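As structure tokens, the structure follows; a few thoughts come after it.
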Amino acid sequence: RIEKNAKRRTIILELLDLPGERVADLSMVGRSFYEWCEWMEDRFCGVKGISPDYSDYVQHIQSEYDRNNILSAYKDCVSKQYEKWILTITPSVLKLDTSGEFKYKDGEPLSTYRKNIESTFIGVDEDSQFAPLPRSYFNGKSSEQRAIVKAFKKAYGKYKSRIVKPISEWLFHVNKAVYLVDVLSLLRNGPEQYNAEQSFAGQALRIFRRTYFDSPFLKGVQRFMGAFVRTHADGVYVVATKADTVVGEANR
């Protein structure tokens, strides 16, 4: 912000270095638990079709009514994705805890990731854990499935309030945003990593709209009005880090 008087102008600059691991969680903004599960299911459909890791996860929990087994199966799914260098995962507490401490240490082989998160809560605490559920779960008639959906929905709401909301509110009021993309990571894994990064980047940039609605009608109005409503941000910049190691000076 700018403070003025007769002789001088003072600019007060505030900076936030947001861990990229939190960016993936911004897909929760403006989405109910059911809508987030739908989005997650769609995200697992890459250029080669549905991810086999996600297919295994869905197949494993189709007749599973134990909450802990479902959470463990999702950790398996995420870990297999992680080994393939698809690092943009959510909820981000699978990579760093609520205080921001990383569970995966630099220098360790990716294959040890599952071991690192074995004791991790997929949520803010042990009683507030959740994982994306397939559409069939929400249409299930068994009391066990309804109970899991209810518990996960409540945990999802708590996670959004505790982890996602403070970040999204801060971002909502920024003037300029810089989004860093690791070029080497994209080249290492090719289209799958690129699609994952692009998908989550799109969700992060949604934050610069002014308002989010749960009502389908109001969402439609918002999409229509989006072209006419200015956001708080007057600049959003995408920066390809490490590009100098990939292209020469002439091609920069």
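Just so you know, all these numbers are worked out from the coordinates, no wet-lab data involved. These numbers come from a predicted model, not from an experiment. Using ideal geometry, Cβ is built from the backbone for each residue, glycine included, and neighbour counts are taken over all protein chains shown.
Structure notes:
- Inter-probe distance in nm under a simple model that places probes 7 Å from Cα toward Cβ, at Tyr34 and Asn68: 3.1 nm
- Where a label projected 7 Å from the Cα of Trp85 along Cα→Cβ would reach, residues of segment 104-122 with amide N under 13 Å: 110
- When peptides 106-113, 50-57 are ranked by their average number of other Cβ atoms within 10 Å per residue, the highest-first order is 50-57, 106-113.
- Entries in Lys75/Lys95; Lys115/Lys154; Lys80/Lys158; Lys105/Lys158 that, when Cα-Cα distance is taken, lie over 18 Å: Lys115/Lys154; Lys80/Lys158; Lys105/Lys158
- Here Leu16 and Ser55 are evaluated by their C-beta separation; at R0 = 45 Å the FRET efficiency comes out at 0.75.
- Summary of packing: across the peptides 10-16, 149-155, 73-79, the per-residue average of other C-beta atoms within 10 Å ranks them, highest first, as 73-79, 149-155, 10-16.
- Using the Cβ-Cβ distance between Lys176 and Asp76 with R0 set to 45 Å, the FRET efficiency from 1/(1 + (r/R0)^6) comes to roughly 0.70.
- Under-5 Å amide H pairs with Leu180, H placed in peptide plane, nonlocal only: Val239
- Treating r as the C-beta distance of Arg146 and Asp97 and R0 as 22 Å, the FRET efficiency rounds to 0.15.
- Extension gain, Lys165-Thr241: 0.36 nm per intervening residue step, less the Cα-Cα distance, totals 24.6 nm.
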